[in-house]
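Asks: Could you have a look at this structure, given as structure tokens, before my questions?
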Amino acid sequence: MTSLSERIDATTVSDLQARGSQKWADSFGAMGAWIAEMDFGLAPEIAAAMDDVAARAFYGYPPTSLWRELREVTAAFVGDTTGWRIDARQVAGVSDVIHALSLVISHYTAAGSAIVLPTPAYMPFLDLPGALGRELRQVPLARDDDGWHLDLDRLDRALDGAGALVWVNPHNPLGKTYTREETEAVVEIVARHPGVRVFSDEIHAPVLYPGGRHVPYASVNDEAASQAITAVSASKMWNLAGLKCAQLIFSNPADAATWSRGVARVSSHPSTPGMVASIAAYRDGGAWRAEILDYLDGNRRLLAEITAASLPEVGFRVPDATYLAFLDLRALSLEPDPRRFLLTAAGLNVTDGALCGEAGRGFVRLNFATPRPVLRQMLERTAEALDATRTSA
Ligand SMILES: Cc1ncc(COP(=O)(O)O)c(C=O)c1O
């Protein structure tokens, strides 16, 4: 019997291309390290649940009992993994987190109000406010030797008259988890702006490395709970994005009432297989999650080792959570931009940091949730491409 990590190690680039999902299929023949999904297949508990869905042809509308189960297992998972104890009745199901943000902006903030976003940020968050006719106010994080930090005065000014703060923790693309002290400082500032809602995107919270701590925004105090609407999902940790199932957690009873009296009716519901898969993930996917986190931990250590040894000009801060590395290539002035340079010179498809906001220009986001031999190859190709620029300079 081979172990999970041996099976992952044995997965080749052609296996990944044959699987057909967007990360590899839409990478122009290059190695796929961009969109946030993992190359590790499905947890056996979820695969069994999907087999059962197929055997029963369970593709109709979800019954009340499935909704109840989804709420219960979400509440239990969040409580067990973060210590934030919530009631299953606070949980609602939606198709996905981006849709949830669009609902929160449209139905929970004043018409025309601005949306505040610390940047660099997950790319669609930069486009969504404009698509809904809203002003986007970016608050760039500052980087020093210690990592990335929010400028609280700037945040305070940006929140003036705004409708919502989009809070992403653990952070995409930085892989940072905000400490309790950092979160409390933000809660205090946001509380000075009682009209502001906080959309707390905690989709990456299950992808937390040993020793790390995730502090749910709404768990900090009553003010935080009353201003926040939290979004979670099993999709990042268990690789279920295509099944369309996310959950909202209401920590303000008035928000829950607004949801059940109206917004739920215009929301896009989770799919039935997505609900079944998410229930299996939260309830039975713990052992697989632990093994995958251990594997990812090995990958992030390999990244640290190889960047230090072979990519000396590349800045890398080991992430606390997520399988995303935000690599600083600013010292190399790569043309026409670092992402296109790596695509053509290294055959590696990463995300251009500039798409995450001005604060990300000169960086690339590399998804390291890939078999370790493939990751090693990605980094070797990067080192060779960068060596070639030095030789030709
Ligand atoms: C921080 C963050 N939020 C939201 C999403 C998208 O989630 P969904 O597919 O549920 O819309 C992602 C996907 O990578 C993400 O990283």
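Asks: Specify which of the listed residues (G79, G83, G133) is surrounded by fewer than 20 Cβ atoms within 10 Å (Cβ to Cβ), among the small types (G, A, S) and either under 21 Å from V186 (Cβ atoms) or not assigned by TED's automatic domain parsing to the domain that holds E182 (or both).
Replies: Within the list G79, G83, G133, the selection yields G83.
Asks: Moving on. For region 57-86, name all the residues that are free of Cβ contacts under 8 Å to residues at least 40 places away in the same chain and in a loop (DSSP other than H, G, I, E, B).
Replies: The answer is A57, P63, R85.
Asks: Looking for something in the same structural domain as D352 (by TED's automatic domain parsing), crowded, with 20+ Cβ neighbours inside 10 Å and within 23 Å of A345 (Cα to Cα) - is there at least one such residue anywhere in region 37-59?
Replies: Among the residues of region 37-59, not one is in the same structural domain as D352 (by TED's automatic domain parsing), crowded, with 20+ Cβ neighbours inside 10 Å and within 23 Å of A345 (Cα to Cα), which makes the answer no.
Asks: Which of the residues belonging to region 96-153 are away from the ligand (no atom under 12 Å from the Cβ), part of a loop (DSSP other than H, G, I, E, B) and under 19 Å from T183 (Cα atoms)?
Replies: Within region 96-153, L141, D146, L150, D151 meet the criteria.
Asks: Here is a follow-up. Here's a check for you: in region 32-46, which residue that is under 14 Å from I279 (Cβ atoms) and part of a helix (DSSP H, G or I) is nearest to the chain's Cα centre (by Cα)?
Replies: Residue satisfying both the conditions and the ranking: I46.
Asks: Now for a different question. Just one of P373, P312 is away from the ligand (no atom under 16 Å from the Cβ) and not in a helix (DSSP H, G or I); which is it?
Replies: Exactly one of P373, P312 is away from the ligand (no atom under 16 Å from the Cβ) and not in a helix (DSSP H, G or I), namely P312.
Asks: Suppose we keep only residues that are within 22 Å of C245 (Cα to Cα) and β-branched (V, I, T) within region 286-325. Which one would you say is surrounded by the fewest Cβ atoms within 10 Å (Cβ to Cβ)?
Replies: Going through the qualifying residues, I end up with I292.
Asks: Return yes or no: is Y209 in contact (Cβ under 8 Å) with a residue 60 or more places away in the chain and either among the small types (G, A, S) or crowded, with 17+ Cβ neighbours inside 10 Å (or both)?
Replies: yes
Asks: So, one more: Here is a check on your reading of the model: is G163 at negative phi, surrounded by 22 or more Cβ atoms within 10 Å (Cβ to Cβ) and more than 16 Å from the ligand (Cβ to nearest atom)?
Replies: Considered against the rule, which asks whether it is at negative phi, surrounded by 22 or more Cβ atoms within 10 Å (Cβ to Cβ) and more than 16 Å from the ligand (Cβ to nearest atom), G163 comes out as yes.
Asks: Please verify whether S226 is crowded, with 21+ Cβ neighbours inside 10 Å, farther than 28 Å from A290 by Cα and more than 14 Å from the ligand (Cβ to nearest atom), treating the condition exactly as stated.
Replies: no
Asks: Could I ask something else about it? Taking region 197-214, which residues are under 19 Å from D297 (Cα atoms) and either within 11 Å of the ligand (Cβ to nearest atom) or in a strand (DSSP E or B) (or both)?
Replies: The answer is I203, H204, A205, V207, L208.
Asks: Could you count how many residues in region 260-285 are within 12 Å of H107 (Cβ to Cβ), surrounded by 18 or more Cβ atoms within 10 Å (Cβ to Cβ) and not hydroxyl-bearing (S, T, Y)?
Replies: Matching residues across region 260-285 total 1.
Asks: Taking region 351-378 as the search range and keeping residues that are surrounded by 22 or more Cβ atoms within 10 Å (Cβ to Cβ) and within 19 Å of A308 (Cβ to Cβ), which one is farthest from the chain's Cα centre (by Cα)?
Replies: My answer is M378.
Asks: Moving on. What is the residue count in region 166-196 for residues that are within 16 Å of D151 (Cβ to Cβ), within 16 Å of the ligand (Cβ to nearest atom) and either assigned to a loop (DSSP other than H, G, I, E, B) or not assigned by TED's automatic domain parsing to the domain that holds D156 (or both)?
Replies: Residues flagged as within 16 Å of D151 (Cβ to Cβ), within 16 Å of the ligand (Cβ to nearest atom) and either assigned to a loop (DSSP other than H, G, I, E, B) or not assigned by TED's automatic domain parsing to the domain that holds D156 (or both) within region 166-196 amount to 4.
Asks: Looking at the structure I just gave you, is D284 under 19 Å from G175 (Cβ atoms) and touching a residue at least 24 places away in the same chain (Cβ under 8 Å)?
Replies: When the stated conditions are applied, D284 does not pass them.
Asks: Quick check on region 317-346: of everything there that is over 20 Å from G32 (Cβ atoms) and out of contact with any Phe, Trp or Tyr (no Cβ under 8 Å at 6 or more places or on another chain), which residue is farthest from the ligand (Cβ to nearest atom)?
Replies: Once the filter is applied, the top-ranked residue is S333.
Asks: Does A277 fit the bill of being in a helix (DSSP H, G or I) and outside the structural domain of A231 (by TED's automatic domain parsing)?
Replies: Spelling it out, it is not the case that A277 is in a helix (DSSP H, G or I) and outside the structural domain of A231 (by TED's automatic domain parsing).
Asks: Please work out which residue is farthest from V168 (Cα to Cα), limiting yourself to region 231-264 and to residues that are within 12 Å of the ligand (Cβ to nearest atom) and touching a strand residue (DSSP E or B) at 6+ places or on another chain (Cβ under 8 Å).
Replies: My answer is C245.
Asks: Shifting gears a bit: Looking for whichever is aromatic (F, W, Y), under 21 Å from the mean Cα position of the chain (by Cα) and more than 16 Å from the ligand (Cβ to nearest atom) here; the options are W84, W67. Which one fits?
Replies: From the options W84, W67, the qualifying one is W84.
The values are calculated or read from the model by the stated rules, or taken from the named source; none is laboratory data. Predicted model only: the values in this text are computed from it and were never measured. Cβ sites come from the backbone with ideal geometry, for glycine too, and all protein chains shown count toward neighbours.
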